[in-house]
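Only one structure is covered here, and it is reproduced in the block below.
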Amino acid sequence: MRPDEKLSAYLDGELDAAASVELEREMAQNPALRAACERMRELSRTIREKGDYFRRPAKAPRRSSWTRLAPAFAAVLALGIGIGFFVAQPREDAAPGAEAIAAHVRATLGGHLIDVASSDQHSVKPWLSARLPFSPPVPELSQEGFVLAGARLDALAGQPAAVLVYRRRQHVIDVFVAPGSAGASSFARNGFNVETFGRDGMRYWLVSDLNRNELQDLSRLLSQR
Amino acid sequence: MSERERFERMVLPHVDAAYNLARWLTRNDHDADDVLQDAMLRAYRFFPALRGEPRPWLLAIVRNACWSWLQANRPAELDSSDDAASDAPGPEALAAREFDRAALNQAIAALPVPFREALVLRELEDLSYKEIARIAGVPIGTVMSRLARARRLLAEALRPSAAAPRLRLHK
């Protein structure tokens, strides 16, 4: 195995225990190797944060030729309805959304909005992963105007959920994250806007009294990083 | 629950990941959309054979649809040699910094298909080497070397003083 393959596999958590221990020992004595490891880690982090995650254009002009698809016409009919419905016409998943609003209101009223106050994603993420059976991504979005205020633990549908708390101007935005998946949708209730989508095995609910456009901006940022 | 309902519940939630992969491999919205439609039809047809996780299963179908499409429409893109070149520098030469977003995405798009696909599946879909190997139809060792190579190529392409870009640009 080449040295960079070993490093790369090590950072991906794909090197076996013995080889990892050996590599760590090597790194302890070799500052250049340690630095190379850090640079590779940084590269990987950058790709995850800044790599494009493409979404299906909502109303892409369909170019697909029916002649080519003709043999599968029946299947298209059967399925087109399904995909079209799912992708283009987001279902309102009202129950968990309403629950997220209730949790948001409870937290705001009770003044228990934040368990760990920090604008540093590197302290929020480990805090959450240490307390949950999953590890939600905690993106840094201050440049885009959403300042991370901290995080708390909450529950949705009886399951533990992470809540990332962002601020924009005087508005508080709760981002609930829990394992699951769903299509994207949005709705408003009792003066709160809710955005939801699924990504990488996680389901997100954004709840805020922030206006819908800006909340959708945040939803886009979170779903595309 | 009907077969179609099961399909909608299990497979359709992963259509975003499927599109992202198709988009990265074809590098174009329209082609990605076409390939995705074909792939979804195939997925629907093969759905009864699905065992295990639907996401890697769907991504494998999308990946194969992309390769067939590239073979038919842009065969030159698949010619890139896939050997772990030994002339490449070691890890010391990696120089990751705060990259410009556009430069980063251009550099990923310029990677030869096998490396680009491994990188997208690993970094953007967070799949394991085993899952990537199954999707790409190659041994785990190959995934390991492709990923290392992809990262090396990226780091080189993004190095500020990169005198001559080593990546072949396909377009």
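The values are calculated or read from the model by the stated rules, or taken from the named source; none is laboratory data. Predicted model only: the values in this text are computed from it and were never measured. All Cβ positions, even for glycine, are placed from backbone atoms using ideal geometry, and neighbour counts span all protein chains on display. Heads up: the accessible areas ignore ligands, DNA and RNA and are worked out on the full protein's heavy atoms, side chains in. Shrake-Rupley method; radii C 1.70, N 1.55, O 1.52, S 1.80 Å.
Odds and ends about this structure:
- Calculated FRET value between B:Ile140 and A:Asn213, using beta carbons and R₀ = 45 Å, to 0.05: 0.50
- Karplus-based coupling profile of the range A:12-26, in residue order and whole Hz: 7, x, 10, 8, 5, 4, 4, 5, 5, 4, 4, 5, 5, 5, 4, with θ = phi - 60° in 6.51 cos²θ - 1.76 cosθ + 1.60 and x standing for Gly or Pro.
- Other protein chain Cβ atoms within 10 Å, averaged over every residue that makes up B:107-120: 1
- Couplings 3J(HN,Hα) of the range B:108-124, computed from phi: 5, 5, 7, 5, x, 3, x, 6, 4, 5, 4, 5, 5, 5, 7, 7, 9 Hz, in residue order, whole Hz [Karplus 6.51 cos²θ - 1.76 cosθ + 1.60, θ = phi - 60°; x for Gly and Pro].
- For A:Ser135 and A:Arg25, the difference between the fully extended length at 0.36 nm per residue and the C-alpha to C-alpha distance is 36.8 nm.
- Aspartates and glutamates with Cα under 16 Å of B:Lys130, excluding same-chain neighbours fewer than 8 positions away: A:Glu5, A:Asp12, A:Glu14, A:Asp16, B:Glu53, B:Glu117
- Annotation: amide H of A:Ala161 within the under-5 Å range of A:Asp154, A:Ala155, A:Leu156, sequence separation 5 or more or interchain, hydrogens built in the peptide plane.
- Qualifying aspartates and glutamates (Cα of each under 12 Å from Cα of A:Lys125; at least 8 residues distant if same chain): A:Glu140
- For the range A:91-223, the carbon plus sulfur part of the accessible surface works out to 51%, probe radius 1.4 Å.
- Of interest is the spacing of the C-alpha centroids, which for the range B:5-47 and the range A:101-153 amounts to 33 Å.
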